[in-house]
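Participant: Structure incoming, see below.
The values are calculated or read from the model by the stated rules, or taken from the named source; none is laboratory data. Remember, predicted model here, so these are calculated numbers, not experimental data. A quick note on method: Cβ atoms are made from the backbone with ideal geometry, for glycine too, and the neighbour counts reach across all protein chains shown. Keep in mind that these areas ignore ligands, DNA and RNA; they rest on the heavy atoms of the full protein, side chains included. Shrake-Rupley method; radii C 1.70, N 1.55, O 1.52, S 1.80 Å.
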Amino acid sequence: DVKVTQSSRYLVKRTGEKVFLECVQDMDHENMFWYRQDPGLGLRLIYFSYDVKMKEKGDIPEGYSVSREKKERFSLILESASTNQTSMYLCASRSGQSYEQYFGPGTRLTVT
Amino acid sequence: GEDVEQSLFLSVREGDSSVINCTYTDSSSTYLYWYKQEPGAGLQLLTYIFSNMDMKQDQRLTVLLNKKDKHLSLRIADTQTGDSAIYFCAETRKGGSYIPTFGRGTSLIVHP
């Protein structure tokens, strides 16, 4: 089974802190994604990566950056966390040959 | 308007059928999906349908696609309390990078 793991299930940070969210997949997938999920808004794509060291902006990249130094790991960085970044963050991966995305369990981030 | 629209809530009685509806705007959509998100978990692909199909059945699940009206539905027969979850409709487009566009999600509540 494909496994996508996220470093934390719950995280509480203060405004202005630098925040790292880590995602690891074990299926050698080329594509990895970061979404945020907010009630009533569904999933919104922040960034995605189709290869090591490659990244593309999604629909809402402002205030975020990403890093993909190894194929299995995709990190989401909040350079200076703000309260409007309080949300559920979901990581996903997908093989280049497939249409199915595999999701991690999510990290619920609260910025106070 | 939004690319993928679905109602936010549906409440059904255990044992009844549930029908979750979705509309999309892009006629070039190639794959249409239903993802399920159980409480506290990430999304999991439930079923999918190619745009050249009208119907797909998989045990208790029936997906109907009306390409003319750009309408997708998911019917769950004999709905159980374990079916309580958020259901996301999603589509990917021809010629794109196969990154799905998600609807806002429909919360299905199954009561005894």
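Participant: Give the range A:82-103 a look and list any residue that's facing another protein chain (nearest Cβ under 9 Å), in a loop (DSSP other than H, G, I, E, B) and under 17 Å from A:Gly42 (Cβ atoms), or say none.
Facilitator: Hit for the range A:82-103 is A:Gln101, nothing else.
Participant: Oh, and also: When you scan the range A:97-109, do you find a residue that is of a type in the set (S, T, N, Q), over 30 Å from B:Ser7 (Cβ atoms), within 11 Å of the chain's Cα centre (by Cα) and open to solvent by less than 70 Å² (accessible area, probe 1.4 Å), even just one?
Facilitator: No, that holds for no residue.
Participant: Kindly check whether there is at least one residue in the range B:37-45 that is in contact with an Asp or Glu (Cβ under 9 Å, 6 or more places away or on another chain) and at pLDDT 90 or above.
Facilitator: yes
Participant: Which residue is modelled with the lowest pLDDT, if the candidates are limited to the range B:92-112 and must be more than 17 Å from A:Gln97 (Cα to Cα) and more than 11 Å from chain A (Cβ to nearest Cβ)?
Facilitator: Filtering the range B:92-112 for residues that are more than 17 Å from A:Gln97 (Cα to Cα) and more than 11 Å from chain A (Cβ to nearest Cβ), the one modelled with the lowest pLDDT comes out as B:Pro112.
Participant: If A:Val12 satisfies every condition in (1) within 11 Å of chain B (Cβ to nearest Cβ); (2) β-branched (Val, Ile, Thr); (3) open to solvent by 50 Å² or more (accessible area, probe 1.4 Å) but one, which is the exception?
Facilitator: Against the list (1) within 11 Å of chain B (Cβ to nearest Cβ); (2) β-branched (Val, Ile, Thr); (3) open to solvent by 50 Å² or more (accessible area, probe 1.4 Å), A:Val12 comes up short only on (1).
Participant: Can you work out which of the residues in the range A:33-81 that are more than 8 Å from every other protein chain (Cβ to nearest Cβ), in contact (Cβ under 8 Å) with a residue 24 or more places away in the chain and open to solvent by 30 Å² or more (accessible area, probe 1.4 Å) is nearest to the chain's Cα centre (by Cα)?
Facilitator: The residue in question is A:Arg73.
Conditions (1) within 25 Å of A:Leu41 (Cα to Cα); (2) open to solvent by less than 60 Å² (accessible area, probe 1.4 Å), marked per residue:
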{"site": "B:Ser18", "(1), (2)": "yes, yes"}
{"site": "B:Cys22", "(1), (2)": "yes, yes"}
{"site": "B:Gln37", "(1), (2)": "yes, yes"}
{"site": "B:Gly40", "(1), (2)": "yes, yes"}
{"site": "B:Asp54", "(1), (2)": "no, no"}
{"site": "B:Asp58", "(1), (2)": "no, no"}
{"site": "B:Leu61", "(1), (2)": "no, yes"}
{"site": "B:Ser73", "(1), (2)": "yes, yes"}
{"site": "B:Ala77", "(1), (2)": "no, yes"}
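Participant: Now, a different point. Taking the range A:15-26 as the search range and keeping residues that are of a type in the set (A, V, I, L, M, F, W, C) and within 14 Å of another protein chain (Cβ to nearest Cβ), which one is surrounded by the fewest Cβ atoms within 10 Å (Cβ to Cβ)?
Facilitator: Looking at residues that are of a type in the set (A, V, I, L, M, F, W, C) and within 14 Å of another protein chain (Cβ to nearest Cβ), I get A:Val24.
Participant: Exactly one condition in (1) more than 23 Å from B:Thr101 (Cα to Cα); (2) open to solvent by 10 Å² or more (accessible area, probe 1.4 Å) is false for A:Glu30; which is it?
Facilitator: (1)
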